[in-house]
Amino acid sequence: MGKRVETAGRVVRFRRHGKAAFADLWDVTGKIQIYAKLDRLGEAGFHSFCQLDLGDILAVSGSMFTTHTGELTISVDSYTLLAKSLRELPEKWHGLKDPEVRERKRYLDFLTNPEARRIPFLRSEMLRRIREFFYSHGFIEVQTPLLHPIPGGAAATPFQTYHEALNLPLYLRIAPELYLKRLLVAGYEKIFEIGPCFRNEGISRKHNPEFIMLEAYQAYADYQSMADLMEELVTSVVFAIHHRLDIPWQGVTLSFQRPWKRLTYWQAMEEIGGISRDECGGMEGVVKVARRLGVEGILPETGWGKAVDELFKARVESHLQNPTFILNYPIALSPLARRIPHDPALVYRFEVFMAGMEIINAFTELNDPIDQRERFLEQVREREAGAALDEDFLEALEYGMPPAGGIGIGLDRFLMVLSNSPSIRDVIAFPILRPKTPTEASSEIQKKD
């Protein structure tokens, strides 16, 4: 008590009592009460203090004392207005309620809604724990390009841009995979990267065009090694944040207790989806299954791999609530994974599902340049004109890439699970939104008037 202090924050409460006034200053760590008196600040200073508005940002200096109600308070000797709030804070500091306004004005959402405000802290903690985990296991963090001359690493539609000086069309990366594998060729045996990826596709509860991806590769490992590593990683992060392995998710409890359940792709399709591998032997069979089960949008021209994947999403995915490994995918869905020798229609790949979402994708990586070229050519044949082979990557493989396991984690979706958030937009600071029409903008202005 009596110690001289200095602090700064936003005015979130103000009340005057004759020749004295109380206010609350807020910053991201909490609130502190301040106390101003006419005889200490002088008439001009006290009058100016009483003109403060909610939302103003103020620096104060003074001494600490405790009020008769026991509240820690700063008795103000001097103050400086650091920034003036020209707009009234929403709903008298009780927070934004309209979901659309919350998404369009995230700075106000974070400012006034404690639940929203905790998300960036949680993201930072998640990323720190992930990095510490990989460092402790001997991995190094690397960075690879965001601009690619040829899109690759995943089956997705890229965003295209153009480099004027080089007269060169470029693409925002859809995945860092092919550059990270070049580093495996270069002799780096344990590597990971955390960074943005971009896919020019739909927006939904689980999809945003820009998202954060973690990819990691370990030489002389396979997908079983990576499965064990992922169980250890995810459970360590969940426990570090929640201090337990059973956490709430949208009205249910998810258990991250090890070991996690493991099913093969066709086991899951049969046991959960009621679909056998035999009846999906050709496109005609897949269409019949779709009609039998009422799964729409699957037509003869859909393509076998995409059609089977749609059946899986419709009949299996939502049932995978606790973390579950789905292993041994059809090769049509996995152009970068190694074949299973005794069943070459399948590959050594797993995905981890939790909360009804795919969170982790992993392979025993394909390191045969001849097989890789053939699969790339098949992809080119299935795409529209203009698709191209990444000859530089294929040449790198020809120098020899060690056998390796690789994983990719959608960190925004993982954060959804950690924060019990139903939409990916809730965990991205500034999600992409459809622009308002002139009519909507005009209507908003009229409401303010």
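The values are calculated or read from the model by the stated rules, or taken from the named source; none is laboratory data. A quick note: this is a predicted structure, and the numbers were derived from the prediction, not measured. All Cβ positions, even for glycine, are placed from backbone atoms using ideal geometry, and neighbour counts span all protein chains on display. The area values use the complete protein model at the heavy-atom level, side chains included, leaving out ligands, DNA and RNA. Shrake-Rupley method; radii C 1.70, N 1.55, O 1.52, S 1.80 Å.
Evaluation of residue 146 against the conditions (1) surrounded by 13 or more Cβ atoms within 10 Å (Cβ to Cβ); (2) in contact with a helix residue (DSSP H, G or I) (Cβ under 9 Å, 6 or more places away or on another chain) shows that the sole unmet condition is (2). Among the residues of this structure, residue 187 does not count as one that is in contact with a helix residue (DSSP H, G or I) (Cβ under 8 Å, 6 or more places away or on another chain), loosely packed, with under 14 Cβ neighbours inside 10 Å and part of a loop (DSSP other than H, G, I, E, B).
The selection criterion, being buried (at least 16 other Cβ atoms within 10 Å of the Cβ) and either of a type outside the set (D, E, K, R) or out of contact with any helix residue (DSSP H, G or I) (no Cβ under 7 Å at 6 or more places or on another chain) (or both), holds for residue 151. Restricting to the range 251-265, give me the number of residues that are touching a residue at least 24 places away in the same chain (Cβ under 8 Å) and open to solvent by less than 90 Å² (accessible area, probe 1.4 Å). Residues meeting the conditions: 9.
Residues in the range 394-418 that are within 30 Å of residue 322 (Cα to Cα) and either surrounded by fewer than 20 Cβ atoms within 10 Å (Cβ to Cβ) or not small (Gly, Ala, Ser) (or both): 407, 409, 411, 412, 413, 414, 415, 416, 417, 418. Taking the conditions exactly as written (surrounded by fewer than 19 Cβ atoms within 10 Å (Cβ to Cβ) and on the phi > 0 side of the Ramachandran plot), does residue 303 satisfy them or not? Here the answer is yes, as residue 303 does meet what is asked.
Within the range 5-31, residues that are within 16 Å of residue 112 (Cβ to Cβ) have Cβ atoms under 6 Å from residues that are outside any strand (DSSP E or B) in these pairs: 11/52; 11/54; 11/56; 12/93, counting only partners at least 6 apart in sequence or on another chain.
Return yes when residue 120 is in contact (Cβ under 8 Å) with a residue 24 or more places away in the chain, under 37 Å from the mean Cα position of the chain (by Cα) and within 30 Å of residue 241 (Cβ to Cβ) and no when it is not. So residue 120 passes the test.
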